[in-house]
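One structure below.
Please treat every number below as a calculation from the coordinates, not as lab data. Not measured: the values here are computed from a predicted model. All Cβ positions, glycine included, derive from the backbone under ideal geometry; neighbour counts span all protein chains shown.
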């Protein structure tokens, strides 16, 4: 971020010199307006009962043109157009595109530098969490007591669906976006991503999605829950069009990002960085984005099909016309179950990465960590129908899906072994990111074990569709993965911003939010066990106490998260200037100066050992196999 | 902690080593914390059963028993993780103000521990699976020569309708069932996906448009229970609930004779 010693801005760039977020928004609006006007004239703007196709056509066309206009205005198509015209990029063009010497303004452009993309992702993620968090507060406010009705059922349902999908998207990108982009290339000793322009493309596609997703607020919301089951989705207002366009564009973005990150890690690791010397965070990121590559296309397909049903008279899911609702459910969960591990794995991997730094011990059984991640990835694509035990779709398949689901507890258990093995006898340097690991382990053991109850078919009869499920997945995704992301922010903050994270303010925010989190969702487990369904705007007086407790907890989380946000903003703007390696860590990203120069390394490093060489030899538990000079240690 | 033990132990036999290892002070502490936490977490078994309320069918009883069993089994597992966490915080943490330590042991891995961990977690997993399969098998409907009472349960935004084809096609918005009589639900929907959930009877199955799904139960307790919709079905999903009334066979016959009025 420092701009004190700035050289001249490169001469290249051509048209890209004129394009930025402002031109993107402007072009997006112009395209969207033209699309809306023409489509409206052709298909009718009407909202009448016999014109629902026309209405959805207009909005789908408007949103598509917004995205195309936005991407045009940011300059995503300049490169391909120049290329097809035979004008390849000059060195100066590339330096301009990488944001060389452009200070703050490069964060508002189609900049290819992976570090800029990482920071951009962080901002987008935080924005989504902020909106999703406000929506969560609206939900919990409505549920404080049986009689608090801040809004009607329609709005309540719309808010629940919006909260769900916003949080899902935010959690999917929260680690691989900011840290997968900023940290991973440096960590593996590369100068940038394999495909820097695709990297910028994936980020700006997400950016173009944000207004589409939020437009649902003005188009009737997403009153179907984030799963948007059919044929309920067909009854929903045009907010559903926002949903399906979001998913389609998001799937393209995640495919582009996934291919890019996987290629980068496979092809561009520094000399000597064998797979055994590749940091565990890199494995976590590759597992996550790699898993997204098969997962999201099915989700995208389901939404393309649902778009056909809504706007073009298709009959994929419209049961009244002969469509198949179970087809949707299958396509949805074919994405939906791998997706929770897309979210979870990088959060845990970030913590496995920095745990050895604070415990000053090697990561316990690196191989088990790799195998655990691989095992989860492999099994996670075979478990989707455990979400469908109660649909009646294929009762004979319940037992095999119970098997695959329960098997996941073995590789997940290996990750727990890695964590507690690393903690074992380690003299802990109790900085805030380290303490976040403890919080994660507490939350995730609850989230993980309650998942085993849900995997059991007969038990799921009692729990499926209840608040118990809501509590369970918040414990895994929020208590596990999101806390992992909070830890990652605190840990890599000095490298990304050049300033230290304020652990005093941060600790208040973190612990208040953790206490609130446990209060909220333990309350939710209780009402779920007692029989409260999910996604209900009002409830029986049986559940009054539990809901009140949950709402009090939710306000506590919100307070804590605001303080945490304040800590981030305060530290970013006026925190203590960070040294290059404040934690004494051994991975490569800490060996380069802060702020990290363009292209990261003057000379590419050669790797001779794994990055976890902390601690003193322990002769009882780990016999020394290599000869050691006498007098090496006292 | 007394690392000097390490030197004395180096030359000993594995069995002696293990015994000596158990004498280390932190082992005793972690073990005691684990024991305490296990007992503490076991409390969630009865708490859970209390929250779920008294079961009103064999199926629900089996579900609650399974959940108790899972909780009793899970408690020591959770306690193991949390006891290491607690000892790490209170026993192994550097004093306040101290920087990173240079005295942590460089334990890269431990074969026997890893093996034991994976074997035990796999055994637990196999146990879970066998238990689940056995339970599914024992809860599967059986033809014991008793003809089950057929009830059509129809989801309709946002009410449940129950029809009794064996009893002159009576229609009711409350679910009446005789005690100790096997019942089979033919569940369907006229619009979107709903889910028939009879909470205390341990019945849940989706109501899908254009299809019929089946659910079986034998109510064993006379009383009034809750029927809810467990799948978001639109505007008044939250209000799509009614009562399940389990009565004696005589009362049920009276109800039928009255054409579905109590």
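Structure notes:
- Distance distribution P(r), chain A, all Cα-Cα pairs, bin width 20 angstrom from 0: 18, 53, 26, 2, 0 percent.
- Shown is the FRET efficiency for residue A:29 and residue A:591, computed with R0 = 41 Å from the Cβ-Cβ distance and rounded to the nearest 0.05: 0.35.
- Within segment A:206-278, the percentage of alpha carbon pairs spaced more than 15 angstrom apart rounds to 64%.
- A convex hull fitted to the Cα coordinates of segment B:112-168 yields 98 cubic angstrom per residue.
- Full-extension gain in nm, residue B:257 to residue B:69, via 0.36 nm per residue minus C-alpha separation: 63.3 nm
- Calculated P(r) tail over 11 Å for segment A:125-164, as whole % of Cα pairs: 61
- q = 0.11, 0.21, 0.26, 0.27 Å⁻¹, segment B:134-220: log10 I(q)/I(0) [Debye, one scatterer per Cα]: -0.29, -1.05, -1.45, -1.51
- Kirkwood-type hydrodynamic radius, chain B: 23.1 Å, calculated from all non-identical alpha-carbon pairs.
- Restricting attention to the protein assembly as shown, close to 65% of DSSP beta bridges with both partner residues there are antiparallel.
- Against chain B, whose longest principal axis is taken from its Cα atoms, helix B:58-90 shows a tilt of about 20°.
- Reported to the nearest whole Å, the Cα centre-to-centre distance from segment A:57-108 to segment A:157-219 is 17.
- For chain A, calculated [θ]222 nm from helices alone, where every DSSP H run of n ≥ 4 adds -39500 (n - 2.57): -21000 deg cm²/dmol
- Residue mean of other protein chain beta carbons inside 10 Å, B:142-151: 0
- Taken residue by residue and averaged, Cβ atoms of other chains lying within 10 Å of the Cβ of A:365-374 number 2.
- For residue A:130 and residue A:191, the difference between the fully extended length at 0.36 nm per residue and the C-alpha to C-alpha distance is 18.7 nm.
- Between 0 and 90°, nearest 10: helix B:25-42 axis offset from chain B longest Cα axis: 10
- Distance between segment A:491-547 and segment A:398-469 - C-alpha centres, whole angstrom: 17
- Cα-based helix-to-principal-axis angle, B:111-139 vs chain B, degrees rounded to 10: 10
- DSSP beta bridge pairing in chain B, given as percent antiparallel to the nearest 5: 70
- For segment A:230-354, the Cα gyration tensor yields ellipsoid semi-axes of 37, 13, 11 Å (square root of five times each eigenvalue, largest first, whole Å).
- Length gained on full extension, residue A:574 to residue A:83, computed as 0.36 nm times the residue gap minus the Cα-Cα distance: 172.4 nm.
- Judged by the ratio a/c of the largest to the smallest principal axis of the C-alpha gyration tensor, segment A:20-92 counts as prolate, that ratio being 1.5 or greater while a/b is larger than b/c.
- Shape of segment A:570-617, Cα gyration tensor, a/c cut at 1.5: oblate
- Taking the square roots of five times each eigenvalue of the Cα gyration tensor of segment A:434-580, the equivalent ellipsoid has semi-axes of 35, 17, 10 Å, listed largest first.
- Dividing the C-alpha radius of gyration of segment B:9-161 by 2.2 N^0.38 Å, with N its residue count, gives 1.64.
- Cα-based shape type of segment A:33-144, given that a ≥ b ≥ c are square roots of the gyration tensor eigenvalues and the cut on a/c is 1.5: oblate
- Peptide B:127-135 has a mean shielding of 5, counted as Cβ atoms of other protein chains within 10 Å of each residue's Cβ.
- For peptides A:408-419, B:73-84, A:260-271, sequence by mean Cβ density within 10 Å, most packed first: A:408-419, B:73-84, A:260-271
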